[in-house]
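> The following block contains the structure, expressed as structure tokens.
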Amino acid sequence: MMGNGGTLVLVILTSIFMARSHTKDFKNLIFMESSDVTLWCGKVTKFKWDDLIYIVWSVSTQSNKCYIGLSPKPYDTCKDGKKLHNSTDGVSLSIPNISMQDEGFYICDLSYEGVTYNSLNISVSVVHLSTHLESDNGKKIAVCKARHTMIEPTLHWEPPLSVLYSYFTVDYNNASSTIENRVYLDDHFNIIELVCVATYPSPMSGSVRLKKTLQLPSGERFCLRIKEDTPEKR
């Protein structure tokens with residue numbers, strides 16, 4: 001027998017599937033691990049709060065499926081720190097300190113008087129991007145690593161550098177993959193910092209770029225092996 005919370009979720013989901021008129025939007029979002037994330041569902045300019053019937057976020061990750069909603073009282077079967085918010089800017093779901101365990105699909109269903117429901121389907125990917133310095137026979141090496149589980153990025157440095165090598169590894173312990181990019185730094189010119197850029201293909205928006213800065217030790221002098229960019233087709 002289901003409790004009141006389970007019954008409420010069942011009633012809401014049943015009404016969603018039986019809805020006769022609706023709109024749907026799809027998004028593919030990529031976030032840096034450990035960042036605080038806000039997912040938006042709808043705009044308050046589209047309706048009055050008095051007309052609200054329900055809001056429900058359906059969260060499907062690799063290890064869990066749960067619901068967070070308001071109908072009209074709040075309920076939460078996720079209980080993992082995710083919170084539902086409503087404000088003058090709209091309806092949102094906050095995910096503090098996002099991790100790869102939060103990767104998955106987030107579906108927001110919003111129902112109000114005059115419109116049966118508005119459905120937003122969001123694919124959420126999380127990446128761990130890191131940079132550090134290594135030493136090889138007295139030479140400094142700038143290293144950039146991107147660990148991911150869903151979407152594989154390409155890596156490059158800004159300013160553009162001649163890459164020593166890059167390689168791909170798989171971590172079987174947590175089903176994640178790591179791609180790495182290295183470049184030698186020679187002792188000639190003053191360099192303050194380098195930026196590693198991870199570019200992810202996105203069918204919705206073309207591409208998404210995340211950046212991680214590598215601060216070089218003060219007082220050291222480096223020369224970068226700079227390469228010319230290959231012209232891209234427009």
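The values are calculated or read from the model by the stated rules, or taken from the named source; none is laboratory data. Computed from a prediction, not measured in an experiment: that's the story for all the values here. All Cβ positions, glycine included, derive from the backbone under ideal geometry; neighbour counts span all protein chains shown.
> Consider SER135 carefully, then state whether it is without any contact (Cβ under 8 Å) to a residue 40 or more places away in the chain, within 30 Å of LEU194 (Cα to Cα) and surrounded by fewer than 17 Cβ atoms within 10 Å (Cβ to Cβ).
On the way: without any contact (Cβ under 8 Å) to a residue 40 or more places away in the chain: yes; within 30 Å of LEU194 (Cα to Cα): yes; surrounded by fewer than 17 Cβ atoms within 10 Å (Cβ to Cβ): yes.
So SER135 passes the test.
> Let me ask something else about it. Out of (1) buried (at least 18 other Cβ atoms within 10 Å of the Cβ); (2) of a type outside the set (Phe, Trp, Tyr); (3) modelled with pLDDT of 85 or more, the odd one out for LEU185 is which?
(3)
> Oh, and also: Got a sec? Which of GLU158, GLU113 is modelled with pLDDT of 85 or more, among the acidic types (Asp, Glu) and surrounded by fewer than 14 Cβ atoms within 10 Å (Cβ to Cβ)?
None of the others qualify; the one that does is GLU158.
> Sticking with this one: Can you tell me how many residues in the stretch 41-87 are at pLDDT below 85, of a type in the set (A, V, I, L, M, F, W, C) and surrounded by 12 or more Cβ atoms within 10 Å (Cβ to Cβ)?
Going through the stretch 41-87 one residue at a time, the tally reaches 6.
> A further question on this structure: Being at pLDDT 85 or above and not charged (D, E, K, R) is the filter here, so list the residues in the stretch 142-151 that pass it.
ALA142, VAL143, CYS144, ALA146
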